[in-house]
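The values are calculated or read from the model by the stated rules, or taken from the named source; none is laboratory data. Keep in mind it's a predicted model, so treat the numbers as computed, not measured. Virtual Cβ from ideal backbone geometry, glycine too; neighbours counted across all protein chains shown. These accessible areas exclude ligands, DNA and RNA; they are computed on the full protein's heavy atoms, side chains included. Shrake-Rupley method; radii C 1.70, N 1.55, O 1.52, S 1.80 Å.
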Amino acid sequence: MIRHGLGEFAQRLKLPRAMEKAGEWLNLSLPENESGQPTAVRVRLAFEELGPTFIKLGQILSTRVDVFPPDWIEEFEKLQNRVPPVPAEAVRRLVKEALGSEPGELFAEFDMRPIGSASIAQVHRARLKDGSEVAV
């Protein structure tokens, strides 16, 4: 959160002073592409980086128009269908862990570019060795 310039939340939540100063201690600065970004954008980016649980939280928060202003809702809605895909190397590792072998050994073809990406999964096109097309 601090990396995305959200250290002020630590203060608002009355977290220990150590948490407030963590950004200074770690010499973390706001990524250049986020400088000047509204807080809602920085929260969405932090949720994306924090992973599936926080992406799901953001999706839920996107429905709370009674709690958040429109600019926040708009950012949280981006977590519904614009989640960054898992990198190819991580996909290889996950397939190997889940199915016991590398994608190249299990499938005749495996497209590392996802056809869909969401909060807890993404989908890849593949072809079994018998020629059947499948979604993984």
**Message:** Give me a comma-separated list of calculated 3J(HN,Hα) values for the range 73-89, in order, Karplus coefficients 6.51, -1.76, 1.60 applied at θ = phi - 60°, integers in Hz, x for any Gly or Pro.
**Reply:** 4, 4, 5, 5, 5, 5, 7, 6, 9, 10, 8, x, x, 5, x, 3, 5
**Message:** Tell me the net charge near Arg92. Cut-off is 15 Å between Cβ atoms, Arg92 excluded, with +1 for each Lys or Arg and -1 for each Asp or Glu.
**Reply:** -3
**Asked** So who's got an amide H within less than 5 Å of the one on Glu109, skipping anything under 5 residues away but keeping other chains? H placed 1.01 Å off N, in plane.
**Response** Arg127
**Prompt:** Taking a 1.4 Å probe, which of Glu133, Glu102 shows the most accessible area, and what order do the others take after it?
**Reply:** Glu133, Glu102
**Complete:** Under a 1.4 Å probe, counting only protein heavy atoms, Leu50 has an accessible area in Å², nearest 10, of 80 Å²
**Request:** Tell me which residues come under 5 Å, amide H to amide H, from His124 once H is placed; ignore anything under 5 positions away on its chain.
**Result:** Ile115, Val136
